[in-house]
Amino acid sequence: MMHFESPWAFLLLVLIPLLPMIQRYWQQKKRQRGAIRFSSVSNAANAGRSWRQRLYNLPMGIRMLALICLIIALARPQTGREEVVDISKGVAIEMVIDRSGSMAAEMEINGRQKTRLDVVKDVFKSFALGDGKDLSGRPNDLIGIIAFARYADTICPLTLAHGALEPFLDTVKLVQVRSEDGTAIGDALALAAARLEKAEDTLARQQQDRKKTYTIKSKIIILLSDGENNAGKRKPLEAAEMAAKWGIRVYTIAIGGDASMQSIRTPFGVYKVPMGHAVDTTTMQRIAEETGGFFREAGDAASLAAIYQEIDAMEKSNIESVKYVDYKEAFLPFAMLGLILVAAEIVLSSTVFRKLP
């Protein structure tokens with residue numbers, strides 16, 4: 001990055017075009033009148049021009065270029081490195097995603113049929129990273145991922161490095177082992193709340209080599225499930241009380257609907273089988289009310305995206321940018337080049353392009 005400390009010096013550039021006029025004026029003023037008679041000048045006219053004559057204006061061109069360089073040096077060009085520090089007040093967000101077997105039911109997204117889990121993952125990516133349309137992303141928020149079936153697991157710890165979110169999210173798969181299938185909403189919610197309660201410690205470890213420039217403005221959990229709690233040690237409402245105690249809002253989303261279908265492969269082909277609607281909407285609504293969040297139902301990808309837009313509008317991050325600039329003088333190369341050109345013009349005018357009175 002370069003800027004000029006004294007840009008007014010560039011006003012002197014308007015004088016450069018006047019130099020040839022000034023030079024001609026002084027030449028005419030000093031010129032002595034004299035004449036030599038020749039019988040004919042036709043041979044002189046046919047003799048052509050020498051290379052010295054062709055380059056007659058070279059010294060003047062060098063002089064003008066030298067003055068331009070010296071004027072640039074007078075303007076004091078400075079180079080520097082500008083560092084922008086974003087002092088942010090962000091939101092700490094835990095995404096809690098159901099990966100139980102029922103999440104294999106299909107939903108439509110962008111004209112294609114995908115599992116509920118894949119739709120949830122796709123829309124979450126748009127929420128966290130932006131989709132270039134309705135969701136601008138959450139670049140200034142701490143985001144973590146927890147997935148659950150019979151057991152709740154931390155997939156991605158709370159982080160500001162959002163480049164890691166997508167690879168971690170890709171590891172979230174439908175449960176494959178029957179003994180691990182289930183819906184432990186209470187345990188997952190409790191784990192998310194515990195992670196958020198320690199969010200300041202997690203942030204401190206991530207920023208131990210940097211000045212403290214980030215403040216957690218609020219803490220929220222987005223809980224997505226298509227079932228009812230049937231596993232785990234904690235009941236959902238117990239976990240909700242814990243979250244409310246720590247000032248954590250929970251937004252609950254019931255995924256799916258009565259018309260949900262699942263593709264079943266058989267020796268005779270692939271058949272779509274309707275899936276039952278078993279979401280415990282009552283409990284999910286009570287969780288949201290207990291913690292100050294809201295409850296919504298999403299029957300398709302469009303309605304899920306609309307819910308995320310609603311959360312995105314409610315949970316804003318504040319950013320204040322502070323600039324630090326360290327400049328270094330860069331006029332010396334221009335000054336040296338200008339002096340070299342002046343010296344070259346003097347040498348050429350005194351030798352090759354020397355003029356006799």
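Listed values, structure above:
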| item | result |
| --- | --- |
| Check on Leu196, over 21 Å from the mean Cα position of the chain (by Cα), of a type in the set (A, V, I, L, M, F, W, C), farther than 22 Å from Ala104 by Cβ and not in a strand (DSSP E or B) | yes |
| Conditions (1) modelled with pLDDT under 90; (2) more than 30 Å from Ile216 (Cα to Cα): number failed by Ile319 | (2) |
| Residue among Ala147, Ala161, Ala128 that is touching a helix residue (DSSP H, G or I) at 6+ places or on another chain (Cβ under 9 Å), in the same structural domain as Asp226 (by TED's automatic domain parsing) and at pLDDT 95 or above | Ala147 |
| Top-ranked residue of segment 158-169 - restricted to ones that are over 17 Å from Ala92 (Cα atoms) and free of Cβ contacts under 8 Å to residues at least 40 places away in the same chain, ranked as nearest to the chain's Cα centre (by Cα) | Pro167 |
| Enumerated helices (runs of 4 or more DSSP H) restricted to segment 1-92, each holding at least 3 residues that are modelled with pLDDT of 85 or more and under 21 Å from Ile346 (Cβ atoms) | 58-74 |
| Flag if Gly132 is part of a helix (DSSP H, G or I), of a type outside the set (S, T, N, Q) and without any contact (Cβ under 8 Å) to a residue 24 or more places away in the chain | no |
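Every residue, every condition in (1) part of a strand (DSSP E or B); (2) of a type outside the set (Phe, Trp, Tyr); (3) modelled with pLDDT of 95 or more; (4) in contact with a Pro (Cβ under 8 Å, 6 or more places away or on another chain), yes or no:
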{"residue": "Arg265", "(1), (2), (3), (4)": "yes, yes, no, no"}
{"residue": "Val270", "(1), (2), (3), (4)": "yes, yes, no, no"}
{"residue": "Val273", "(1), (2), (3), (4)": "yes, yes, no, no"}
{"residue": "Ala278", "(1), (2), (3), (4)": "no, yes, no, no"}
{"residue": "Thr282", "(1), (2), (3), (4)": "no, yes, no, no"}
{"residue": "Ala288", "(1), (2), (3), (4)": "no, yes, yes, no"}
{"residue": "Glu297", "(1), (2), (3), (4)": "yes, yes, no, no"}
{"residue": "Leu304", "(1), (2), (3), (4)": "no, yes, no, no"}
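The values are calculated or read from the model by the stated rules, or taken from the named source; none is laboratory data. Since the structure is predicted, the reported quantities are computational estimates derived from the model, not experimental observations. Positions of Cβ are generated from backbone atoms using ideal geometry, with glycine treated the same way; all protein chains shown enter the neighbour counts.
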